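**Q** So that we are looking at the same thing, I have put the structure below in structure tokens.
Just so it is clear, none of the values below were taken in a lab; they were calculated from the coordinates. Keep in mind the model is a prediction, meaning the values are calculated, not measured. Don't worry about glycine lacking a Cβ; one is built from the backbone with ideal geometry, like all the others, and counts go over all protein chains shown.
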Amino acid sequence: MTDHALSANPSARSGKLTGWHVFWIMVGFFGLMFTVNGIFLYHAITSFPGEDVRKSYLQGLDYNSTLEAKAAQDLLGWSAAAGQYDENLVFNLVDAAGAPISARLVSVELRHPGTTTHDEIVVLEPYGGGDYVTSIADLPAGRWDAQFQVFDIAGDEVVFRANKRIVILP
């Protein structure tokens, strides 16, 4: 047998869990959860603008004209290619017969999929042989979405659009 005696005296216990203890434990738990969720929510909202295409609602309302412009572009039969050469972005444009299309106003909107910090619109310079060039030396390396627009001879109306994904190498 042991020499230890069991006591039924409640004062012999070291601590007692009361309703107030449970209340403050619950307040602390849910307070921590709300704080962490608030931090996550803040960073989620401020790190992504939420709209991939500018004025997407208005573009949706005017979608029939977008389809008509696409059909008119398909009738042209033009094709385009884009890529990096040294520290330049090169855009090549040819007609349905494969002949180069030169002396047009060509712009590109460069968009980084992860952030809008470095997005910019640039006018490309004609280089000859259907090539149009701009420097991309200031852009960070990575994957980029390039939305090219080719204007008519007068430079008033967009007659051809090409969306290309390019990878800028360091």
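**Q** For Cα extents along the principal axes in Å, the listed values are (i) 105, 41, 28; (ii) 45, 42, 23; (iii) 45, 36, 28; which was obtained by calculation from the structure presented?
**A** (i)
**Q** OK, next. Taking only C-alpha pairs under 8 Å that are 6+ residues apart, what is the relative contact order of the range 13-170 in percent?
**A** Working: 212 pairs, mean separation 28.1, N = 158.
Once divided by the residue count of the range 13-170, the mean separation gives 18 percent.
**Q** Using Cβ contacts closer than 10 Å as the measure, can you line up Asp145, Asp131, Asp138 from fewest to most?
**A** Working: Asp145 15, Asp131 19, Asp138 8.
Ordered by Cβ neighbours within 10 Å, fewest first: Asp138, Asp145, Asp131.
**Q** Which one, Tyr127, Gly31, Val90, projects farthest toward the positive side of the charge dipole computed for the chain from Cβ point charges (K/R +1, D/E -1)?
**A** Among Tyr127, Gly31, Val90, the one farthest towards the positive end of the dipole of the chain is Gly31.
**Q** So if I take the centroid of the Cα atoms in the range 145-161 and the same for the range 46-113, what is the distance between those two points in Å?
**A** Taking the Cα centre of each part, the range 145-161 and the range 46-113 sit 7 Å apart.
**Q** Let me ask you something else. Under a cut-off of 20 Å between alpha-carbon atoms, report the lysines in cross-link reach of Lys164, not counting same-chain residues fewer than 8 places apart.
**A** Cα-Cα hits under 20 Å: Lys70.
**Q** With the contact rule set at Cα under 8 Å and sequence spacing of 6 or more, what percent relative contact order holds for the range 78-168?
**A** On the way: 197 pairs, mean separation 26.5, N = 91.
Once divided by the residue count of the range 78-168, the mean separation gives 29 percent.
**Q** If one takes the longest principal axis of the Cα atoms in the chain, at what angle in degrees, from 0 to 90 and to the nearest 10, does the Cα axis of helix 19-47 lie?
**A** For helix 19-47, the angle is close to 10 degrees.
**Q** Which value at 222 nm does the chain reach when only helices count, each DSSP H run of 4 or more adding -39,500 (n - 2.57), with the total divided by all residues and rounded to the nearest 500 deg cm²/dmol? Write down the numbers at each step before the final one.
**A** Working: 3 runs with 49 residues, N = 170.
Taken over the chain, the calculation gives -9500 deg cm²/dmol.
**Q** Could you list log10 I(q)/I(0) for the range 78-168 at q = 0.15, 0.23 Å⁻¹, which the Debye formula gives when each Cα is one point scatterer?
**A** Debye intensities relative to I(0), on a log10 scale: -0.53, -1.17.
**Q** Sorted from fewest to most neighbouring beta carbons within 10 Å, what does the list Ile45, Ile136 look like? Don't jump to the answer; show the numbers that get you there.
**A** Numbers: Ile45 10, Ile136 22.
Ordered from fewest to most neighbouring Cβ atoms within 10 Å, Ile45, Ile136 come out as Ile45, Ile136.
**Q** Order of 34-43, 104-113, 156-165 by packing, highest average Cβ count within 10 Å first?
**A** Numbers: 34-43: 10.0, 104-113: 17.8, 156-165: 13.9.
The most tightly packed comes first, giving 104-113, 156-165, 34-43.
**Q** Kindly express, to the nearest 10 degrees and within the range 0 to 90, the angle between helix 63-76's C-alpha long axis and the longest C-alpha principal axis of the chain.
**A** Its long axis makes an angle of about 40 degrees.
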